[in-house]
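Notes to accompany the following structure.
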Amino acid sequence: MAVYDDNNLFAKILRGEIPCKKVYEDQYALAFHDINPQAPTHILVIPKGKYLSYDDYSQKASAEEIAGLMRAVGTVAREIGLDAPGYRILSNIGTDGGQEVPHLHFHLFGGRRLGPMLKRDN
Ligand code: 5GP
């Protein structure tokens, strides 16, 4: 498996070396607006720990870290008012998943009817 890159974009955001529009932070997670939103609301929620992807995280993170991050995702959604109309959580993993930044992140999309889960090719 690939090794975590301390210089990936989200590691730099966590260290404050690159600015972000923060919406939430606790001991487990940081949430901020995606720079290139694909819905009226598009937030990224990332763990504070060094995990490449959901695959990496699900093998190595502690139960406390997993609970903390999952709770943070829900808290962020409620705090910005996505819970009532509804929203979508998505995490891209690896090459086929289309993951660009090698630090686990959950996308939160909302603010409109989001339509089908995946683009239909047929
Ligand atoms: P992925 O394709 O890895 O699932 O998602 C990476 C996300 O990071 C993309 O939605 C992209 O728009 C977002 N992104 C890329 N560069 C930056 C940046 O400098 N700041 C923020 N806030 N988001 C970024």
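The number of residues in segment 64-119 that are touching a residue at least 60 places away in the same chain (Cβ under 8 Å), in contact with a Gly (Cβ under 9 Å, 6 or more places away or on another chain) and either away from the ligand (no atom under 15 Å from the Cβ) or hydrophobic (A, V, I, L, M, F, W, C) (or both) comes to 1.
Which of the residues that make up segment 1-29 are without any contact (Cβ under 8 Å) to a residue 60 or more places away in the chain, in contact with a His (Cβ under 9 Å, 6 or more places away or on another chain) and part of a loop (DSSP other than H, G, I, E, B)? The answer is Cys20, Lys21.
It is to be established whether one or more residues within segment 42-49 are surrounded by fewer than 17 Cβ atoms within 10 Å (Cβ to Cβ) and under 15 Å from His103 (Cβ atoms). Checking segment 42-49: at least one residue is surrounded by fewer than 17 Cβ atoms within 10 Å (Cβ to Cβ) and under 15 Å from His103 (Cβ atoms).
Laboratory data are not the source of any read-out in this text; all were calculated from the coordinates shown. Remember, it's a predicted structure, so these values are computed and weren't measured experimentally. Quick reminder, even Gly has a Cβ in these numbers, built from the backbone with ideal geometry, and neighbours come from all protein chains shown.
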